[in-house]
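Quick notes on the structure that follows.
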Amino acid sequence: MTTLADTPTTTGDLRELATRALDRCGADIGALTGRTTLDVRSPITGEVVATVPMADTADAEAAVQVAHEAYLVWRAVPAPVRGALIKRFGQLLTEHKEDLADLIGIEVGKIRSEALGEVQEMIDICDFAVGLSRRLDGRTMPSERPGHRLMETWHPVGVVAVISAFNFPAAVWAWNTAVALVCGDTVVWKPSEAAPLVAVAGSALLARAAEELSAPAHLNTLVVTDADGAAPLIDSPLVPVVSATGSERMGAQIAPRIAARFGRSILELGGNNAAVVTPSADLDLAIRGIVFAAAGTAGQRCTTLRRLIVHESVADTVVERVASAYRNLRIGNPFADGVLVGPLIDKKAFDGMGRALDEAVDDGGVVVAGGERVDTGDPEAYYARPALVRMPGQTELVRRETFAPILYVLTYSTFADAVALHNGVPQGLSSSIFTRDQREAEQFLAAEGSDCGIVNVNIGTSGAEIGGAFGGEKTTGGGRESGSDAWRGYMRRATNTVNYSTELPLAQGVDFS
Ligand code: NAD
């Protein structure tokens, strides 16, 4: 564990730590393909910590081609043997947990505990995928015809393109890749331009596992590029599944292109998550849940709590208590002990936060706490105190996702109003209710309650476990990843009818003799 004594503070420290972590993972930036370069900045100081080659469309096309060729071999390997690769990969992730957490801290500014948590999530999905490799099960249904068997079988589908966002720079890839590989697919990964280093390290560990187990090369091909360079991942007919995580804007750009060629998309887009706090809520528990969900990861999780819908009878108390917790949050270098809020990813994010707060005030909102920049002495680093804003209603601003730590407070008087406010946004990712009233909890979980993909009771909106399927509805994109039966999104289903009789009866009693 990094301690205060060895907290990397200068850009030189960060560079050195990154080099060490990459070396330990056996990762070689120089091996990346590309004729141009990409500067990697650490949000901790705002300065460049590395420069990596950047691929173009021709490189991305070549990556798709080699991934397709690897798929033709990999699909015939028995699933439990594919699982053995993921088992070894999980062991390597465990061995290199600290190295990967270092890179996540450096590239995206996550506090230590959250960076380690992200790697733990990668390890957890490997465990899940290893089990899955022994049960990619299909059903058998009764046939209406004598001497016939009706069943379904699941097969690999091909190359899966994984496009990931900056805020979960490694775990989202692992969710997709561990499952896709046991399903018999291969992966081409385009990480966020903000976080290529952890991508190089994670890919190197997977390649090492593949080499040790004599698995084919190119099961996972890394393509460090921008939106333009990624075009073949979106448009190539050799990519039957695109799993893309990012903003609603990105989803709107790529979804029609994938649909136009009848590809399958797994979209994990923006959230605008809310918690309802009812009069019966355990406020001690609610305040803790709210502060972690709203301020954790500096408000840069897709599941970050962005709207608090509080009953009017407890609104003043809740606002006062959250504001007081906000004032005590330690903000600063995410490697330092005791720091709970690290930097925003860049100036653009900080400017977006400032513009949203101005608009909130123009709309009649009151900034109760936070919103100001915290000076750490690095002019290009952007640290912000999480903001708590009381709003007169659910304005257009509140209905948008601003990817920064802003929590809007709205009040309600009837439970029906609370649910209407809750569902009255375009996005549908995560939701929660704090209540001790079972009737309210059940109503929130029911069909006429929350319209989100994730619906929690007495915990916040963020921090999902890998065992469940993860994803959301409406403009969040409808995709599901990770646990439960999300694996079906990475396979194709075949319905098989086998006739073991000597007759040829037709379905529905059709006579064609
Ligand atoms: P972003 O949309 O700017 O970028 C995400 C990824 O998409 C990057 O790799 C980017 O290069 C790529 N991209 C963007 N446009 C593209 C295009 N036209 N073609 C191909 N690739 C393209 O998002 P970001 O700022 O990195 O991440 C924050 C956003 O991601 C937030 O909206 C957040 O809610 C969302 N997010 C959602 C989930 C989820 O599971 N629902 C998880 C994490 C983040």
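The values are calculated or read from the model by the stated rules, or taken from the named source; none is laboratory data. As the structure is a computational prediction, the values presented were derived from the model and not from experiment. For neighbour counting, all protein chains shown are included, and Cβ atoms are generated from backbone atoms with ideal geometry for every residue, glycine included. The area values use the complete protein model at the heavy-atom level, side chains included, leaving out ligands, DNA and RNA. Shrake-Rupley method; radii C 1.70, N 1.55, O 1.52, S 1.80 Å.
Is it true that ALA244 is buried (at least 24 other Cβ atoms within 10 Å of the Cβ), at pLDDT 95 or above and farther than 30 Å from GLY184 by Cβ? Against the criterion (buried (at least 24 other Cβ atoms within 10 Å of the Cβ), at pLDDT 95 or above and farther than 30 Å from GLY184 by Cβ), ALA244 does not qualify.
Residue-level analysis places ALA447 among those that are away from the ligand (no atom under 16 Å from the Cβ) and either touching a Gly at 6+ places or on another chain (Cβ under 7 Å) or not assigned by TED's automatic domain parsing to the domain that holds PHE168 (or both). Out of the residues in the range 317-354 that are assigned to a helix (DSSP H, G or I) and within 16 Å of the ligand (Cβ to nearest atom), state the one that is surrounded by the fewest Cβ atoms within 10 Å (Cβ to Cβ). Filtering the range 317-354 for residues that are assigned to a helix (DSSP H, G or I) and within 16 Å of the ligand (Cβ to nearest atom), the one surrounded by the fewest Cβ atoms within 10 Å (Cβ to Cβ) comes out as LYS348. Only one of the numbered conditions (1) farther than 27 Å from ALA464 by Cα; (2) open to solvent by less than 50 Å² (accessible area, probe 1.4 Å); (3) out of contact with any Lys or Arg (no Cβ under 9 Å at 6 or more places or on another chain); (4) near the ligand (Cβ under 10 Å from one of its atoms) is violated by THR221, and that is (4).
Across the range 267-300, which residue is nearest to the ligand (Cβ to nearest atom) among those that are small (Gly, Ala, Ser) and farther than 24 Å from LYS348 by Cα?
For the range 267-300, the residue satisfying everything is ALA274.
For the range 1-51, give me each residue that is part of a strand (DSSP E or B) and either open to solvent by 20 Å² or more (accessible area, probe 1.4 Å) or more than 17 Å from LYS190 (Cα to Cα) (or both). Break it down stepwise before answering.
Going through the range 1-51, the residues part of a strand (DSSP E or B) turn out to be 36-42, 47-51.
If the condition is that a residue be part of a strand (DSSP E or B) and either open to solvent by 20 Å² or more (accessible area, probe 1.4 Å) or more than 17 Å from LYS190 (Cα to Cα) (or both), then THR36, THR37, LEU38, ASP39, ARG41, SER42, GLU47, VAL48, VAL49, ALA50, THR51 are the ones that fit.
Entry remark, the range 455-513: residues being surrounded by fewer than 21 Cβ atoms within 10 Å (Cβ to Cβ), in contact with a helix residue (DSSP H, G or I) (Cβ under 7 Å, 6 or more places away or on another chain) and part of a strand (DSSP E or B) number 3 in total. Each residue in the range 304-316 was checked for being open to solvent by 10 Å² or more (accessible area, probe 1.4 Å) and within 16 Å of the ligand (Cβ to nearest atom), and 0 pass. Scanning the range 225-245 for residues that are part of a loop (DSSP other than H, G, I, E, B), within 10 Å of the ligand (Cβ to nearest atom) and farther than 10 Å from ALA161 by Cα gives THR225, ASP226, ALA227, ASP228, GLY229. Of all residues in the range 193-209, those satisfying the criterion of being open to solvent by 10 Å² or more (accessible area, probe 1.4 Å), small (Gly, Ala, Ser) and closer than 20 Å to PHE89 by Cα are SER203, ALA204, ALA207. Part of a helix (DSSP H, G or I) and surrounded by fewer than 21 Cβ atoms within 10 Å (Cβ to Cβ): does that describe ASP417? For ASP417, the condition - part of a helix (DSSP H, G or I) and surrounded by fewer than 21 Cβ atoms within 10 Å (Cβ to Cβ) - is met. Filtering ILE258, ILE290 for residues that are modelled with pLDDT of 95 or more, within 30 Å of VAL188 (Cβ to Cβ) and surrounded by 21 or more Cβ atoms within 10 Å (Cβ to Cβ) leaves a single hit, ILE258.
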